[in-house]
Each structure stands twice: as C-alpha cells, then as structure tokens.
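Here the structure is laid out as structure tokens; the discussion comes afterwards.
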Amino acid sequence: MTTETGRPDPQQTWTAVDSYFNALLVEEDAALLAAVADSEAAGLPPHQVAPNQGKLLALLARVHGARRVLEIGTLGGYSTIWLARALPAGGRVVTLEADERCAAVATRTIERAGLADVVELRTGPALDTLPQLEQEGGDPFDLVFIDADKPSNPAYLEWALRLTRPGSLIIGDNVVRDGAVTDPASTDPRVQGVRTFTEQIAAHPRLTATAVQTVGEKGYDGFVLALVTG
C-alpha cells in the first residue's frame with residue numbers, strides 16, 4: 001500500500017517490520033493471546049504494549065535481576081504477564097488499575113496464565129493505592145512501569161521515587177505522543193503531563209535517564225528509561 005504521493009505507507013511498513021521480528025524473536029503463547037482477545041471482547045481500549053515491547057519489558061526485568069515490580073496501569077493484564085514471567089522464584093508484581101472493568105479482565109487473564117500467586121492487583125485510583133503501599137512498608141521496588149493516565153505522570157514519578165531504591169529502574173511509556181511532546185503550547189493534558197514528567201526526570205538529582213522513540217504496529221511513540229542513582 002502506498003500513500004497518495006506514491007510513497008510507501010509508513011504505518012504499513014512499521015507493522016510489517018514488527019510482524020517480521022515478532023515471528024522470529026517473540027513468542028506469544030495462549031495466555032498472552034487470550035489477554036488481548038479478552039480485552040477486545042470487553043471493549044477495552046487497545047492500548048496494551050506491542051508483543052516486542054512486552055518482551056523488552058521482560059528482558060529489562062531479567063537483566064536487572066528484578067524481584068519486585070510495580071506496574072501503574074494494568075489494563076487487561078498483557079504487560080503484567082510479561083513482567084511476572086520475567087521474575088525469579090519468589091518475585092512479585094504489584095499492579096494498580098483504576099478501572100474496575102479493566103481489573104476484572106486482568107484478573108481473569110492473570111489467573112489463566114497461572115500467575116495469581118505472583119501478581120497482586122489493586123483496584124482503585126493509583127494516587128489512592130500508592131500511599132497505601134508506602135504505609136505498608138514493604139521492600140523497595142526494583143522496577144516501576146508507568147503506563148496509565150498521562151496527566152498524572154508527574155505525581156506517579158514522585159511516588160515511584162518514594163517506593164524505589166538506588167539502582168531501581170523507572171520506565172514511562174507513551175511519552176512521544178506522535179511527536180506532540182515537542183510542542184510546549186499543546187492544549188492536550190496528556191502531552192503536558194508527559195512534558196512535565198520528563199522535565200522532572202531531567203532535573204532530578206537522583207535520576208539519570210534517556211528516551212527512545214519507537215515505531216511499529218502501535219504507531220509512533222516511545223518511552224523514558226530512568227535509573228535511580230542515589
């Protein structure tokens with residue numbers, strides 16, 4: 001397929017490249033495929049990470065030796081499965097989801113994947129459940145994956161810093177927004193949330209970070225990867 005200018009459609013190319021590498025390098029088993037199917041059947045937005053990005057999360061968790069993972073934004077549980085499977089015996093994922101409908105789908109998909117004893121799903125606004133985690137006084141999280149409502153990203157970052165330790169990783173997804181992140185005059189609260197989030201990371205004395213742009217079946221976006229240094 002080509003555009004009206006006769007040039008190849010970039011989205012079609014990005015999707016084809018994802019399909020090529022996914023077929024060679026990424027294996028989606030029945031539990032992962034069912035997580036996507038259940039989300040679609042329930043009418044959830046198709047915002048779960050792409051298969052290659054799910055495996056990237058798993059690889060980052062494994063390379064980092066993560067034992068405790070915090071996920072802010074569960075959706076249908078697709079990324080939760082990738083993260084939970086990357087953990088060693090005794091590892092734990094705590095995942096936070098504000099939408100009860102999403103949480104119900106995720107509960108089924110996590111149980112189907114055999115991960116109910118690895119994943120703790122807490123339902124309710126994350127800005128309510130994050131203080132509860134702090135009050136409970138558990139061990140710091142080794143990895144935090146932030147993939148929820150973007151206007152709240154700055155607040156999520158502050159909580160991530162309170163719940164981690166030097167050496168922990170913080171990953172913020174969907175930060176490029178089709179390039180809109182570069183527009184300081186944007187009236188989109190999601191763009192402004194991402195901009196403030198990224199600027200906070202850049203200025204924070206306890207963080208060192210980079211951002212990576214991505215293209216693929218999910219379009220044009222990217223993520224921030226930050227290391228807690230002190």
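What number, in percent, do you get for the relative contact order of the stretch 99-224 if the mean sequence gap of Cα pairs under 8 Å and at least 6 apart is divided by its residue count?
Relative contact order for the stretch 99-224 comes out at 21 percent.
Of the listed values (1) 59, 42, 32; (2) 65, 45, 28; (3) 54, 40, 30, identify the label whose number matches Cα extents along the principal axes in Å calculated from this model.
(1)
What are the ³J(HN,Hα) couplings of the stretch 77-83, residue after residue, when phi is run through the Karplus curve with 6.51, -1.76, 1.60 and θ = phi - 60°? Round to Hz, x for glycine and proline.
After applying 6.51 cos²θ - 1.76 cosθ + 1.60, I find x, 5, 5, 4, 4, 4, 5 Hz.
Please report, in debye to the nearest 20, how large the charge dipole of the chain is about its Cα centre when each Lys and Arg carries +1 at its beta carbon and each Asp and Glu carries -1 there.
600 debye
Over the chain, average the accessible area per residue using a 1.4 Å probe and give it in Å², no decimals.
Solvent-accessible surface per residue comes out at 48 Å².
So, in Å, what gap is there between the alpha-carbon centers of the stretch 169-230 and the stretch 88-113?
Using only Cα atoms to place each centre, the spacing works out to 25 Å.
Roughly to the nearest percent, how much of the accessible area of the stretch 100-230 is carbon and sulfur, given a 1.4 Å probe?
Heavy-atom surface of the stretch 100-230 belonging to carbon and sulfur, 1.4 Å probe: 51 percent.
Which residue, P154, P140, P125, tops the fluctuation ranking in a GNM of the chain built on C-alpha contacts under 10 Å?
Sorting by GNM fluctuation, first place goes to P125.
Relative contact order for the stretch 69-153 using alpha-carbon pairs under 8 Å, separation at least 6, rounded to a whole percent?
Relative contact order, the stretch 69-153: 40 percent.
Quick check: residue separation of F21 and R62 times 0.36 nm, minus the Cα distance between them. What number comes out in nm?
Stretched fully, the F21-R62 segment lengthens by 12.7 nm.
Apply the Karplus curve 6.51 cos²θ - 1.76 cosθ + 1.60, θ = phi - 60°, to the phi angles in the stretch 212-219 and return the couplings in whole Hz, x for Gly and Pro.
Rounded to whole hertz, the list is 10, 7, 10, 10, x, 4, 8, x.
What figure in square angstrom, to the nearest 10, would you give for the accessible area of K55 with a 1.4 Å probe?
Looks like 70 Å² after rounding.
Out of residues 5 or more away from S168 or on other chains, whose amide H comes under 5 Å of its own, with H placed 1.01 Å from N in the peptide plane?
Close amide H contacts, sequence-distant or interchain: V228.
Let me cross-check V224: its accessible surface, 1.4 Å probe, with only protein heavy atoms counted, in Å² to the nearest 10?
10 Å²
Shape verdict for the stretch 87-197, please, from the Cα gyration tensor: rounded (a/c under 1.5), prolate (a/b greater than b/c) or oblate.
Prolate, since a/c reaches 1.5 and a/b exceeds b/c.
Could you tell me whether the stretch 10-90 comes out rounded, prolate or oblate from its Cα gyration tensor? Rule is a ≥ b ≥ c as square roots of the eigenvalues, rounded for a/c under 1.5, then prolate if a/b exceeds b/c, otherwise oblate.
It comes out oblate by the Cα gyration axes.
Could you tell me the relative contact order of the stretch 19-133? Use alpha-carbon pairs under 8 Å, at least six residues apart, and round to a whole percent.
25 percent
Using label points projected 7 Å from each Cα along Cα→Cβ, tell me how many nm separate Y220 and H47, to one decimal.
2.1 nm
So how much slack lies between E120 and T229, counting 0.36 nm per residue of separation and subtracting their Cα-Cα distance, in nm?
This chain segment gains 36.5 nm when fully extended.
By DSSP, what percent of the beta bridges with both residues in the stretch 91-230 are antiparallel, rounded to the nearest 5?
The antiparallel proportion sits near 60 percent.
Not counting ligands, DNA or RNA, and with a 1.4 Å probe, what is R206's accessible surface area in Å² rounded to the nearest 10?
70 Å²
The values are calculated or read from the model by the stated rules, or taken from the named source; none is laboratory data. Small disclaimer: the values here were computed from a predicted structure and weren't measured. We place every Cβ from the backbone using ideal geometry, glycine too, and count neighbours over all the protein chains shown. Keep in mind that these areas ignore ligands, DNA and RNA; they rest on the heavy atoms of the full protein, side chains included. Shrake-Rupley method; radii C 1.70, N 1.55, O 1.52, S 1.80 Å.
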